[in-house]
Amino acid sequence: MEKLIITAAICGAEVTKEQNPAVPYTVEEIVKEAKASVDAGAAIVHLHVREDDGTPTQSKARFKECIDAIYKECPDVILIPSTGGAVGMTAEERLQPTELFPEMATLDCGTCNFGDDVFENTMPMMRDFGKRMLENDIKPEYECFEMGHIDTILNMARKGQVPGAPMQFNFVLGVPGCTPATVNNLCWMVNAIPAGSTWTATGIGRNAFTLAAPAIVMGGNVRVGFEDNLYLERGVLAKSNGELVAKVVRLAKELGRGIATSEEARRILNLKPRI
Ligand code: KMH
Ligand code: ZN
């Protein structure tokens, strides 16, 4: 089994300092959280950015500022900027970080409920996102919140509308209104992807670690972070993303799985070495 790739989703677009004061907004706070995660064992940082007041933004300039500042502190880390942004943003707004030619970026694989909202990813939008990733040589991380999202993106890959094999999937389970974060559902989704693909499990809220454990033993990878969960354990807020990553590292150690460095993760994900 390959080593475990841990992704830290350090910021997200929805969580606030009112919910956990450690949620980063400013460039300095985002860099601090990225570094704490990498120091704890994360090979990848999934990145959303905010204005200083916490407003989510997909501004190319803000992404550039944050990405440059993170690379200064963590030169080897794999950054996966979000093209999901926040619910209600336009496709053009969301695509801005792809203009910075990141080695990877998220590509959301279908419309779904998102709590009280609807997270819109129509077929024409996804074709535009796929075209951009192909043109800019960006490897997508395919975000699947529902079973149908896998089928949708595999069909698009067959038609050459999005980058194809080897594909990296992120199963985001437990978003209110979407597929629940159960082991059965995780197995169901893992069994639906082509051989040779890589995958990550993301459990939302109280399911963050209960989904991490099966992913570790099944040979998948794990995402944790404030975007998905603010608590280290029931009733205990995490003081940093690093604490959440460190808990996954402890679980992996107990279960006998090594932790991939960013360089090792690049090989596992079939990315070019970063120069
Ligand atoms: N903020 C969510 C509506 C992604 O990063 O691609 C979407 C999201 C997915 O976070
Ligand atoms: Zn995200």
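Structure data summary
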item	result
For segment 61-110 versus segment 111-142, the gap between their alpha-carbon centres in whole angstrom	13 Å
Under Karplus coefficients 6.51, -1.76 and 1.60, residue-wise ³J(HN,Hα) of segment 153-162 in Hz, glycine/proline x	6, 5, 4, 5, 5, 4, 7, x, 8, 9
Qualifying trypsin sites (Lys or Arg not before Pro) in segment 130-203, DSSP loop, other Cβ atoms within 10 Å at most 16	K159
Cα centroid separation - segment 249-266 against segment 7-46, whole Å	20 Å
Sequence-distant lysines (8 or more away, or on other chains) whose Cα lies within less than 17 Å of K253	K3
Coil-residue GluC sites (Glu not before Pro) of segment 1-107, DSSP, other Cβ within 10 Å capped at 11	E18
Relative contact order for segment 6-268, counting Cα pairs under 8 Å that sit 6 or more residues apart, in percent	21 percent
Other-chain or far-sequence residues with amide H under 5 Å of I259's (modelled H)	L4
Per-residue HN-Hα couplings for segment 77-82 [Karplus 6.51, -1.76, 1.60; θ = phi - 60°; Hz; x = Gly/Pro]	4, 8, 9, 10, x, 7
Amide H contacts under 5 Å for F114, placed H, 5+ residues apart	F119
Among the listed pairs K247/K272; K64/K131; K64/K247; K131/K159; K17/K247, those beyond 19 Å (Cα-Cα)	K247/K272; K64/K131; K64/K247; K17/K247
Residues with amide H under 5 Å from that of A238, placed H, sequence gap 5 or more	Y231, L232
With all protein chains modelled, accessible area of K247 [1.4 Å, Å²]	50 Å²
Accessible heavy-atom area order of V183, V245, highest first, probe of 1.4 Å	V183, V245
Span per principal axis, largest first, for the Cα atoms of segment 6-268 (Å)	45, 40, 39
Vicinal HN-Hα couplings computed from phi for segment 89-99 (Karplus, 6.51 cos²θ - 1.76 cosθ + 1.60; Hz; Gly/Pro x)	6, 6, 4, 4, 4, 5, 6, 3, x, 5, 6
Candidate residues D53, D116: accessible-area rank, largest first, probe 1.4 Å	D116, D53
Largest-first ordering by accessible area, 1.4 Å probe, given options R274, R223	R274, R223
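The values are calculated or read from the model by the stated rules, or taken from the named source; none is laboratory data. All of these numbers come straight from a predicted model, not from anything done at the bench. So basically every Cβ, Gly included, is an ideal-geometry build from the backbone, and we count neighbours across all protein chains shown. To get the accessible areas, we keep the full protein, side chains included, count just its heavy atoms, and leave off ligands, DNA and RNA. Shrake-Rupley method; radii C 1.70, N 1.55, O 1.52, S 1.80 Å.
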